[in-house]
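Here is the structure we will look at.
Read the figures in this text as sums done on the coordinates, not as results from a lab. As the structure is a computational prediction, the values presented were derived from the model and not from experiment. Here the Cβ positions follow ideal geometry from the backbone for every residue, glycine too, while neighbour counts run over all protein chains shown.
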Amino acid sequence: MSLDKVETRSGTGRRGRFIMVRHGESEGNRDRRFTVSTETPLTDRGREQARRAARHIARHFAPEAIVSSPFGRARETAAIIADTLGLAVEIEHDLHERDLGCLKGHSYDALRDLVRTDPAYDPNNGWAWKPEGGESYEDVRRRVMVVVEELRRRYAGREIVVVSHGGVMLSVWAHIVGAWKGAHLPPNCGIVLVEHDAERLYPPQIFEGAEEGELG
């Protein structure tokens, strides 16, 4: 499947790197329920996951900045990482998780039930399907890649942490490799590395959390 690309611009020839981190376990993840509020906090387990991710990042990388989704669970994760690294957190609104519309407040199983009964859902093109009042994964991809390309230009040749969500990281992976099939959905505080230069984003690499996560 071919994915359209966001326009790129010139910059330094030195490669930069996005250290992409999914937020720690939230109360919604624990309860396996799509949250209504964007301010749902992390669980104690999620905070420990964030502290562990911070230690891994500090041990292996030297990021110059931290960028986060505006949602509470991502901001809390980013703040824990920032405390370890001694960096401030920059918020990028369009790194927020997929809007699940009518599924907010329902269990993860409700998504599976809905796609089984919705005549608009095509299993061969599932990334284009959207719940009522919500976004498709294609919507997420288009929204998020504008931010990613802007960050690539802003932080050309530099290393930064980007804290976001499973659906965001899944969409970035699909965009870079050019296919949704096989795209990686990281677990909570899974870490994916994406190198970049003035011409392109390089294939993502799993650094932490090879197992597949759940949406939410």
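The figures follow:
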| read-out | value |
| --- | --- |
| Meets criteria (small (Gly, Ala, Ser), more than 27 Å from ARG45 (Cβ to Cβ) and either assigned to a helix (DSSP H, G or I) or over 21 Å from the mean Cα position of the chain (by Cα) (or both)) for GLY126 | yes |
| Candidates ALA88, ALA110, ALA120, filtered to the one that is aliphatic (A, V, I, L, M), surrounded by fewer than 15 Cβ atoms within 10 Å (Cβ to Cβ) and touching a helix residue (DSSP H, G or I) at 6+ places or on another chain (Cβ under 8 Å) | ALA88 |
| Residue list for segment 83-96, restricted to those being among the charged types (D, E, K, R) and over 13 Å from the mean Cα position of the chain (by Cα) | ASP83, GLU90 |
| Looking only at segment 181-197, and only at residues there that are touching a Ser or Thr at 6+ places or on another chain (Cβ under 9 Å) and farther than 19 Å from ALA65 by Cα, the one that is surrounded by the fewest Cβ atoms within 10 Å (Cβ to Cβ) | ALA183 |
| Unique match (being part of a strand (DSSP E or B) and surrounded by 14 or more Cβ atoms within 10 Å (Cβ to Cβ)) among VAL168, VAL172, VAL147, VAL161 | VAL161 |
| Residue selected from segment 56-86 under the condition free of Cβ contacts under 8 Å to residues at least 60 places away in the same chain and in a loop (DSSP other than H, G, I, E, B), by the criterion nearest to ARG142 (Cα to Cα) | PRO70 |
| In segment 109-156, the residues that are of a type in the set (Val, Ile, Thr) and more than 25 Å from GLU195 (Cβ to Cβ) | VAL115, THR117 |
| Test: residue in segment 194-202 that is part of a strand (DSSP E or B) and hydrophobic (A, V, I, L, M, F, W, C) | yes |
| Restricting segment 205-216 to residues that are without any contact (Cβ under 8 Å) to a residue 60 or more places away in the chain and in contact with a strand residue (DSSP E or B) (Cβ under 7 Å, 6 or more places away or on another chain), the residue that is surrounded by the fewest Cβ atoms within 10 Å (Cβ to Cβ) | GLN205 |
| Sole exception among (1) more than 22 Å from ASP139 (Cα to Cα); (2) part of a loop (DSSP other than H, G, I, E, B); (3) under 19 Å from the mean Cα position of the chain (by Cα) for ASP99, by number | (1) |
